[in-house]
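Down below is the structure, laid out as C-alpha coordinates.
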Amino acid sequence: MERTLWVLGLLALFVLCLWLMYRAWQKKARKQAASIGELPSVPPELGAQLLEPTTGLYTGTTLAPSWQNRIAVGDLGFRATAELTRFERGILLERDGASPLWIPSESITAVRTERGHAGKVMTADGVLVIRWKLPTGTEVDTGFRGDDKTVYPAWTGSATSTTTGDEKA
(Lines give C-alpha, C1' and ligand atoms only; values in the text may rest on other atoms or scores of the structure.)
Protein backbone atom coordinates (compact mmCIF):
# COMPACT_ATOMS: atom_id res chain seq x y z
CA MET A 1 0.00 0.00 0.00
CA GLU A 2 2.83 2.38 0.91
CA ARG A 3 4.56 1.71 -2.42
CA THR A 4 1.33 2.48 -4.31
CA LEU A 5 1.02 5.83 -2.51
CA TRP A 6 4.63 6.69 -3.41
CA VAL A 7 4.03 5.83 -7.07
CA LEU A 8 0.80 7.86 -7.16
CA GLY A 9 2.54 10.79 -5.43
CA LEU A 10 5.43 10.76 -7.91
CA LEU A 11 3.01 10.49 -10.81
CA ALA A 12 1.04 13.48 -9.49
CA LEU A 13 4.30 15.44 -9.09
CA PHE A 14 5.30 14.57 -12.67
CA VAL A 15 1.92 15.70 -14.03
CA LEU A 16 2.16 18.92 -12.00
CA CYS A 17 5.61 19.65 -13.46
CA LEU A 18 4.33 19.08 -17.01
CA TRP A 19 1.36 21.37 -16.39
CA LEU A 20 3.62 24.11 -14.96
CA MET A 21 5.98 23.87 -17.97
CA TYR A 22 3.00 24.19 -20.32
CA ARG A 23 1.70 27.23 -18.42
CA ALA A 24 5.15 28.87 -18.53
CA TRP A 25 5.37 28.30 -22.31
CA GLN A 26 1.92 29.85 -22.78
CA LYS A 27 2.84 32.86 -20.61
CA LYS A 28 6.04 33.34 -22.61
CA ALA A 29 4.05 33.23 -25.87
CA ARG A 30 1.61 35.88 -24.60
CA LYS A 31 4.49 38.17 -23.59
CA GLN A 32 6.24 37.76 -26.97
CA ALA A 33 3.12 38.09 -29.14
CA ALA A 34 3.25 41.91 -29.43
CA SER A 35 6.92 42.04 -30.47
CA ILE A 36 6.54 39.16 -32.96
CA GLY A 37 3.34 40.25 -34.67
CA GLU A 38 2.26 38.84 -38.03
CA LEU A 39 4.88 36.86 -39.94
CA PRO A 40 5.50 37.60 -43.65
CA SER A 41 3.43 35.36 -45.90
CA VAL A 42 4.93 33.44 -48.81
CA PRO A 43 4.46 35.60 -51.93
CA PRO A 44 2.91 34.07 -55.06
CA GLU A 45 6.08 34.88 -57.06
CA LEU A 46 9.37 33.93 -55.38
CA GLY A 47 11.71 34.91 -58.18
CA ALA A 48 14.48 32.76 -59.60
CA GLN A 49 15.93 30.03 -57.42
CA LEU A 50 19.46 31.08 -56.40
CA LEU A 51 20.48 28.04 -54.33
CA GLU A 52 19.43 24.40 -54.54
CA PRO A 53 17.11 23.22 -51.76
CA THR A 54 18.92 21.71 -48.81
CA THR A 55 17.34 19.40 -46.26
CA GLY A 56 17.95 19.34 -42.54
CA LEU A 57 16.50 20.26 -39.15
CA TYR A 58 14.85 23.58 -38.35
CA THR A 59 16.17 24.23 -34.83
CA GLY A 60 13.82 27.11 -34.05
CA THR A 61 13.73 30.87 -34.04
CA THR A 62 15.14 32.94 -31.18
CA LEU A 63 15.09 36.59 -30.25
CA ALA A 64 18.41 38.11 -31.38
CA PRO A 65 21.07 38.24 -30.09
CA SER A 66 20.26 35.49 -27.58
CA TRP A 67 20.87 32.05 -29.07
CA GLN A 68 18.80 30.43 -26.28
CA ASN A 69 15.71 32.70 -26.04
CA ARG A 70 13.40 30.59 -28.19
CA ILE A 71 10.24 32.21 -29.54
CA ALA A 72 7.10 30.58 -28.14
CA VAL A 73 4.60 32.27 -30.48
CA GLY A 74 2.87 29.96 -32.95
CA ASP A 75 5.03 27.12 -34.23
CA LEU A 76 8.31 29.11 -34.41
CA GLY A 77 9.75 27.44 -31.32
CA PHE A 78 9.27 23.83 -32.36
CA ARG A 79 11.93 21.79 -34.14
CA ALA A 80 11.02 20.12 -37.41
CA THR A 81 12.64 18.50 -40.40
CA ALA A 82 12.75 21.08 -43.13
CA GLU A 83 13.91 22.14 -46.56
CA LEU A 84 15.66 25.48 -47.06
CA THR A 85 15.69 27.20 -50.48
CA ARG A 86 17.10 30.60 -51.50
CA PHE A 87 15.16 32.64 -54.05
CA GLU A 88 15.68 36.14 -55.48
CA ARG A 89 12.99 37.55 -53.21
CA GLY A 90 13.96 35.69 -50.03
CA ILE A 91 14.44 32.38 -48.25
CA LEU A 92 11.73 29.74 -48.02
CA LEU A 93 11.87 27.31 -45.11
CA GLU A 94 9.34 24.53 -45.58
CA ARG A 95 8.88 22.65 -42.30
CA ASP A 96 7.24 19.26 -41.84
CA GLY A 97 4.15 19.55 -39.65
CA ALA A 98 4.36 23.34 -39.46
CA SER A 99 3.59 26.33 -41.63
CA PRO A 100 6.22 27.46 -44.16
CA LEU A 101 8.43 30.31 -43.03
CA TRP A 102 9.18 33.08 -45.52
CA ILE A 103 12.15 35.40 -44.90
CA PRO A 104 12.11 38.33 -47.36
CA SER A 105 15.50 39.36 -48.78
CA GLU A 106 15.16 42.94 -47.53
CA SER A 107 14.67 41.64 -43.96
CA ILE A 108 17.88 39.55 -43.88
CA THR A 109 20.72 41.23 -42.00
CA ALA A 110 23.18 38.29 -41.74
CA VAL A 111 23.62 34.63 -42.62
CA ARG A 112 26.31 32.92 -40.59
CA THR A 113 27.32 29.62 -39.07
CA GLU A 114 27.32 28.99 -35.34
CA ARG A 115 28.20 26.20 -32.95
CA GLY A 116 24.73 26.18 -31.42
CA HIS A 117 21.26 27.62 -31.68
CA ALA A 118 18.00 27.27 -29.73
CA GLY A 119 19.37 24.63 -27.40
CA LYS A 120 20.96 22.60 -30.21
CA VAL A 121 24.73 22.49 -29.80
CA MET A 122 26.91 21.04 -32.54
CA THR A 123 30.53 21.10 -33.59
CA ALA A 124 32.01 24.37 -34.84
CA ASP A 125 29.94 25.87 -37.67
CA GLY A 126 27.32 23.14 -37.31
CA VAL A 127 24.23 25.35 -37.53
CA LEU A 128 23.30 27.85 -40.24
CA VAL A 129 21.74 30.93 -38.61
CA ILE A 130 19.77 33.57 -40.50
CA ARG A 131 19.33 36.89 -38.71
CA TRP A 132 16.40 38.90 -39.98
CA LYS A 133 13.94 41.61 -38.96
CA LEU A 134 10.26 40.91 -38.52
CA PRO A 135 7.74 43.48 -39.84
CA THR A 136 7.45 44.74 -36.21
CA GLY A 137 11.19 45.58 -36.26
CA THR A 138 12.14 42.78 -33.86
CA GLU A 139 15.37 41.06 -34.83
CA VAL A 140 15.33 37.25 -34.72
CA ASP A 141 17.68 34.38 -35.53
CA THR A 142 16.36 31.34 -37.40
CA GLY A 143 18.47 28.20 -37.11
CA PHE A 144 18.89 25.34 -39.55
CA ARG A 145 21.16 22.30 -39.21
CA GLY A 146 21.71 21.02 -42.72
CA ASP A 147 22.14 17.36 -43.57
CA ASP A 148 25.00 18.42 -45.87
CA LYS A 149 27.15 21.09 -44.24
CA THR A 150 29.29 21.54 -47.34
CA VAL A 151 26.55 23.87 -48.69
CA TYR A 152 27.01 26.38 -45.84
CA PRO A 153 29.63 28.54 -47.64
CA ALA A 154 27.18 29.11 -50.51
CA TRP A 155 24.52 30.20 -48.00
CA THR A 156 26.77 32.50 -45.99
CA GLY A 157 28.02 34.13 -49.20
CA SER A 158 24.52 34.73 -50.59
CA ALA A 159 23.12 37.13 -48.00
CA THR A 160 22.91 40.87 -48.19
CA SER A 161 25.52 41.11 -45.44
CA THR A 162 27.24 38.13 -43.91
CA THR A 163 29.24 37.29 -40.84
CA THR A 164 30.89 34.12 -39.63
CA GLY A 165 31.91 32.78 -36.26
CA ASP A 166 30.73 32.57 -32.70
CA GLU A 167 28.75 35.75 -32.08
CA LYS A 168 26.56 34.57 -29.24
CA ALA A 169 25.61 37.10 -26.64
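Could you please find all residues in segment 24-46 being assigned to a helix (DSSP H, G or I), in contact with a strand residue (DSSP E or B) (Cβ under 9 Å, 6 or more places away or on another chain) and open to solvent by 30 Å² or more (accessible area, probe 1.4 Å)? Break it down into steps so the answer makes sense when it comes.
In the first step, residues of segment 24-46 are kept if they are assigned to a helix (DSSP H, G or I); the result is 24-36.
Narrowing further to those that are in contact with a strand residue (DSSP E or B) (Cβ under 9 Å, 6 or more places away or on another chain): 28, 32, 35-36.
If the condition is that a residue be assigned to a helix (DSSP H, G or I), in contact with a strand residue (DSSP E or B) (Cβ under 9 Å, 6 or more places away or on another chain) and open to solvent by 30 Å² or more (accessible area, probe 1.4 Å), then LYS28, SER35 are the ones that fit.
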Item to check | Pairs with Cβ under 8 Å, 6+ apart, first in segment 47-72 and on the phi < 0 side of the Ramachandran plot and of a type in the set (Asp, Glu), second in a strand (DSSP E or B) and surrounded by fewer than 22 Cβ atoms within 10 Å (Cβ to Cβ) | outcome: GLU52/THR85
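For segment 70-92, does any single residue satisfy the condition of being closer than 24 Å to THR156 by Cβ and acidic (Asp, Glu)? Let's see the steps before the verdict.
Here is the first cut: in segment 70-92, the ones closer than 24 Å to THR156 by Cβ are 70-71, 76, 79-92.
Applying the additional criterion that residues be acidic (Asp, Glu) yields 83, 88.
Yes, the conditions are met somewhere in segment 70-92.
Could you please find all residues in segment 75-96 being closer than 20 Å to PRO43 by Cα, assigned to a loop (DSSP other than H, G, I, E, B) and either open to solvent by 20 Å² or more (accessible area, probe 1.4 Å) or out of contact with any Lys or Arg (no Cβ under 9 Å at 6 or more places or on another chain) (or both)?
Kept after step one, since they are closer than 20 Å to PRO43 by Cα, are these residues of segment 75-96: 75-76, 82-96.
Narrowing further to those that are assigned to a loop (DSSP other than H, G, I, E, B): 75-76, 88-89, 96.
ASP75, GLU88, ARG89, ASP96 - these are the residues of segment 75-96 that are closer than 20 Å to PRO43 by Cα, assigned to a loop (DSSP other than H, G, I, E, B) and either open to solvent by 20 Å² or more (accessible area, probe 1.4 Å) or out of contact with any Lys or Arg (no Cβ under 9 Å at 6 or more places or on another chain) (or both).
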Checklist outcome for this item: Going through segment 47-74 in order, the residues found to be in a loop (DSSP other than H, G, I, E, B), open to solvent by 30 Å² or more (accessible area, probe 1.4 Å) and at pLDDT 85 or above are ALA48
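Of all residues in segment 3-17, how many are open to solvent by less than 80 Å² (accessible area, probe 1.4 Å) and either in contact (Cβ under 8 Å) with a residue 24 or more places away in the chain or aliphatic (A, V, I, L, M) (or both)? If you could, list the steps in order and put the result at the bottom.
At the first step, the residues of segment 3-17 found to be open to solvent by less than 80 Å² (accessible area, probe 1.4 Å) are 4, 9, 12, 17.
Applying the additional criterion that residues be either in contact (Cβ under 8 Å) with a residue 24 or more places away in the chain or aliphatic (A, V, I, L, M) (or both) yields 12.
The qualifying residues number 1.
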Checklist entry - From the set of residues in segment 104-142 that are buried (at least 23 other Cβ atoms within 10 Å of the Cβ) and touching a Gly at 6+ places or on another chain (Cβ under 7 Å), which is modelled with the lowest pLDDT? => result ALA118
Item to check | Tabulated pairs, segment 124-151, first on the phi > 0 side of the Ramachandran plot, second hydroxyl-bearing (Ser, Thr, Tyr) and open to solvent by 60 Å² or more (accessible area, probe 1.4 Å), C-beta under 9 angstrom, 6+ apart or interchain | outcome: ASP125/THR164
Item to check | Members of segment 97-115 found to be of a type outside the set (Lys, Arg), in a strand (DSSP E or B) and touching a Ser or Thr at 6+ places or on another chain (Cβ under 8 Å), listed by number | outcome: LEU101, TRP102, ILE103, ILE108, THR109, ALA110, VAL111, THR113
Next on the checklist: Please determine whether any residue of segment 47-61 is touching a Ser or Thr at 6+ places or on another chain (Cβ under 7 Å) and farther than 20 Å from VAL151 by Cβ.
Outcome noted: yes
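The values are calculated or read from the model by the stated rules, or taken from the named source; none is laboratory data. Everything numeric here is computed off the predicted structure, so don't read it as measured data. A quick note on method: Cβ atoms are made from the backbone with ideal geometry, for glycine too, and the neighbour counts reach across all protein chains shown. Accessible surface is based on the protein model in full, side chains and every heavy atom, while ligands, DNA and RNA are left aside. Shrake-Rupley method; radii C 1.70, N 1.55, O 1.52, S 1.80 Å.
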